[in-house]
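Undergrad: Sharing a structure here in structure tokens format.
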Amino acid sequence: MHLLLVEDNEGVADLVQRGFDDLGYRLTWLEDGRELIATLRRDPADLVILDVMLPGKNGFELLEDMRTHELAVPVLFLSAKTELEDRVRGLDLGADDYLTKPFAFTELHARVKALLRRSQSNSRPASTLVVGPLTLDLHERRAMREGQEIALQNKEFELLRFLMQHAGEIVSKRMIIEEVWNYTFNPGTNIVEVRIAALRDKVDRPFAKSMIKTVRGAGYRLNPDV
Amino acid sequence: MRTRFPSLQWHLMLSTGTVLSLCFLLTFLVLDGLLQRNFDQQVQSALTSQAMILVEELDRVGDVEAERAGILARFGLAYGMSNGLFQLIDGEGRVALSSDDTAWGELVNSTVRGDDVELYAFFWESRRVPEKDARFLYYRIASDATVRIGMDVSARREALRMTRLVFGLGSLLSLVLSLLLLGWTTRRAVQGVRHVRERAETIRHQDDLSARVPLPTAFRETNELAETFNAMMDRVQFLVKNLRLVMDHFAHDLKTPMTRLRGLAEQSLRRGGDDEDMELAGTVVDECDRITAELDTLLLIARAESGLSVFRPSAFDLAECVRECLEFFEPELEMKGMALAERLPDSMPITVDLQVTRRVVLNLIENAVKYSETGTVTVTGTQDQSTASISVCDNGLGIRAEDAEQIFEPFFRTKDHATREGHGLGLSYCRSVLNAMGGGIHYRPNQPNGSCFTITMPLEPPPEPKEDAG
């Protein structure tokens, strides 16, 4: 997998670079957008990560350039701006996702993976999710583990689905709030902890091994290898 | 307050109208007085001189009845039989001799008694029938003889009436025309001022800082006003643009090192290590997240207070939204053993920014749950024609009366609450975005203890002020 990063801050770029190196991705880093089009032509990337505030052309302008040159590669924006206006603008322009700084690397990774998955398989989403011994029937809204049915409340079901879609990855509280509850900010409650605890009671406690892990300072991970 | 002041246009028209009317009325009265006096004098002097001539003639012929009758008849013919009447009245008040009086009809049926008239003094009398208006002069020349001269003044009086009418109508027409002209000019003059005001309103309502008053307006003064306003708007726009830029750079410059810091700590967490290192890295990550949230909220408050917020209104059910928000806190309420009283209508349709509304409502519920240990959190929703209100009341610590003024200030935290988690920006955020949306937030103490916060929001976003053409 080849990723292209345009980010003017060396520290942040270095961090992202090392993170993706550890995970076995190949990442090309550009300090600004001047060489972006040429670089993409020479060495096509599977995904471009664009900072919004850049010297010279900003991220929005670079995206427009790419679309003018008919480069359909998925784009993920990084920005220090929190305004929804920018967010909407980013997505209007054909950006595929958006992450505000400071971000969790795990979250960046999760989003990158999701985008790559989306761009590579155009097949319709599966009606059943399977992770290790866990099976989730999205049509019937039923969850099974080791042949045993688990009764889940609505939000617990959505939470488990989200964890299963990102099995093996660390998902942050912020991602859960955003994806499961559709809130763009932290509502200031321990709702995620409470729902995760409830989910653990149902998915893990009756069985020998627990699948839902807490990662200190980062979030949660659904462990597929049980 | 504004309605208590008259509009400039009405004020000008009213004062000019009053002054003009008074002038016209005064002129009319003076002129009419003069004309009337003139009329009286003319009639009087005509009658007097006729009387003198007649008396002289009568004296000349002496007391010869036939001669006297002849003189009277000649006088009648000379002045026109319907215009002038010349008579001699005897001591009993009977008409002794007369010129032709056929045209005078009942006007001459009676006389003033000779005794009422002093010797050699003028006695005046006016008589009027519908078709004739006459003036009579009695002049007693002997104890048994009084001369009566009549004059038909209908035509002269009619002329006087016509003069009055013409002048009156002319004045009225001038007055109306002046007022119309004045109204038109002041309207044009005031229109320039009104343009500036309407444009300013537009800008205030829709935060459209690029709007300018179209030039030229009708007059130099209004042009100058509009130019000054436009120049001021240029300045405001420039400052706001700079402010926005500063805020963006401020956010960027702070968040980039934060990203690195958080990333490094996260990397340590990912790679693993001893418990102490993990604890440390975890704390760094948590702190970074906390500072970021605080910074973001602060920027949102600054944006809202400087009118830079961008709201994205959508139609949704506020009651449903509040119920959803309450769901977030159900576990915590349950844990604390607190009750929840939900007094919401089945549906409260509203068109505002959903994310902002959620955040405000969550903030209020969060405070209610965080600052109470027992009792009930009561959430009430009401709605009238134009606004929706949500109240969140608790039985918690409440707020001291001396603090009530300051709770909406950024970073203000009461002594009672200082030890609790939070950064003291929640209420400040709520107030700034609600004000920017055209709503508001109010605090009142709950009985017997605790606090009540009520937010109000307009059901519809403020309408885009219409573009004024011209």
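Undergrad: Considering just Cα atoms, how many Å³ per residue does the convex hull of the protein assembly as shown enclose?
TA: 294 Å³
Undergrad: What's the average, rounded to a whole number, of partner chain beta-carbon atoms within 10 Å of each residue's beta-carbon in B:278-285?
TA: If you average over the peptide's residues, the count of other-chain Cβ atoms is 3.
Undergrad: Could you work out how far the C-alpha centroid of the stretch B:288-310 sits from that of the stretch A:201-221, in angstrom?
TA: Measuring centre to centre over Cα atoms gives 35 Å.
Undergrad: Evaluate peptide B:264-270: per residue, the Cβ atoms of other protein chains within 10 Å of its Cβ; return the mean as an integer.
TA: Partner-chain Cβ atoms within 10 Å, mean over residues of B:264-270: 6.
Undergrad: Continuing with this model, one more query. Per-residue mean of other chain beta-carbon atoms within 10 angstrom of the beta-carbon, peptide A:12-20?
TA: Partner Cβ neighbours, averaged per residue: 3.
Undergrad: Oh, and also: Students often check this: by mean Cβ neighbours within 10 Å, which of A:178-185, B:338-345 ranks highest, and how do the rest follow?
TA: Result, highest mean Cβ count within 10 Å first: A:178-185, B:338-345.
Undergrad: Right, here's the next one. With a 10 Å radius around each residue's Cβ, average the other Cβ atoms per peptide and rank B:18-29, B:263-274, highest first.
TA: By packing density, highest mean first, the sequence is B:263-274, B:18-29.
Undergrad: Relative to the compact globular guide of 2.2 N^0.38 Å, what is the alpha carbon radius of gyration of the stretch A:128-222, as a ratio? Don't jump to the answer; show the numbers that get you there.
TA: Working: Rg = 12.6 Å, N = 95, 2.2 N^0.38 = 12.4 Å.
Taking the Cα Rg and dividing by 2.2 N^0.38 Å, one obtains 1.02.
Undergrad: Label the stretch B:313-458 by shape, choosing from rounded, prolate and oblate, from the square roots a ≥ b ≥ c of the eigenvalues of the Cα gyration tensor; if a/c is under 1.5 it is rounded, and otherwise prolate applies when a/b is larger than b/c, oblate when it is not.
TA: Values: a/c = 1.73, a/b = 1.27, b/c = 1.36.
Judged from the Cα gyration tensor, the stretch B:313-458 comes out oblate (a/c at least 1.5, b/c at or above a/b).
Undergrad: Of A:Lys155/B:Lys370; A:Lys173/B:Lys336; A:Lys209/B:Lys336; A:Lys113/B:Lys336; A:Lys57/A:Lys173; A:Lys101/A:Lys202, which pairs sit farther than 29 Å apart, going by alpha carbon to alpha carbon?
TA: Long pairs (Cα-Cα over 29 Å): A:Lys209/B:Lys336; A:Lys113/B:Lys336; A:Lys57/A:Lys173; A:Lys101/A:Lys202.
Undergrad: Additional query: Projected onto the charge dipole of chain B (+1 at Lys/Arg Cβ, -1 at Asp/Glu Cβ, origin at the Cα centre), which of B:Ile390, B:Met278, B:Trp124 gives the Cα projection farthest towards the positive end?
TA: It is B:Trp124, whose Cα lies furthest towards the positive end.
Undergrad: Now a separate question. On a straight-distance basis, which aspartates and glutamates could pair with B:Lys132 in a cross-link, Cα separation under 13 angstrom, same-chain partners fewer than 8 positions away excluded?
TA: B:Glu106, B:Asp152, B:Glu158
Undergrad: A further question follows. For the stretch B:1-151, treating each Cα as an identical point scatterer without solvent, what Debye log10 I(q)/I(0) comes out at q = 0.14 1/Å?
TA: -0.71
Undergrad: Where does helix B:275-305 land angle-wise versus the long Cα axis of chain B, in degrees 0 to 90, nearest 10?
TA: It is inclined by approximately 10 degrees.
Each reported figure results from applying straightforward, stated rules to the coordinates on display, with no laboratory input. All values derive from a computational prediction rather than experimental measurement. Positions of Cβ are generated from backbone atoms using ideal geometry, with glycine treated the same way; all protein chains shown enter the neighbour counts.
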